[in-house]
1. Tally Lys/Arg at +1 and Asp/Glu at -1 over every other residue whose Cβ is under 14 Å from the Cβ of Gly25; what's the total?
2. Calculated from DSSP H runs of 4 or more alone, at -39500 (n - 2.57) each and per residue, what is the 222 nm mean residue ellipticity of the chain, nearest 500?
3. How would you rank Ser34, Ser45, going from fewest to most other Cβ atoms within 10 Å of each one's own Cβ?
4. Averaged across orientations, what area in nm² does the convex hull of the alpha carbons in the chain project?
5. Give me the extension gain from Ser13 to Arg63: residue separation times 0.36 nm, minus the current Cα-Cα distance, reported in nm with one decimal.
6. Which of Val40, Val56, Val33 comes first, and how do the rest follow, when ranked by fewest Cβ neighbours within 10 Å?
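The numbers here are math on the coordinates, done by the rules we state, and not lab data. Here the structure is a predicted model, which is why all the values come from computation and not from measurement. Cβ placement follows ideal geometry from the backbone for every residue including glycine, while neighbour counts extend to all protein chains displayed.
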Amino acid sequence: MNGSPREYRLYLSISREEMLRYYRGAAAAVQAVSEDGCRVRFPASILRPFITAAGVEGHFVLRVDGRDRVLGLDRTD
């Protein structure tokens, strides 16, 4: 079943140590809860542009297509 594209608003707070696990391939996906309570799972690799020395922290919008394939991730703060 094909649905409409959707956006999920997320607040992510991932420590440097946890991001290293993703970066090294120990974990391939991130699971988060959107602001409206939906549980979403997406490839950790899309966080790479947002990694700092402290990890990843901030508000983001995850965009997916009708088949839940990631279209993009944007920082909103």
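1. +2
2. Here the helix-only value at 222 nm equals -3000 deg cm²/dmol.
3. Ser45, Ser34
4. Quarter of the Cα hull surface area: 5.1 nm².
5. My answer for the length gained is 16.1 nm.
6. By the 10 Å Cβ count, ascending: Val33, Val40, Val56.
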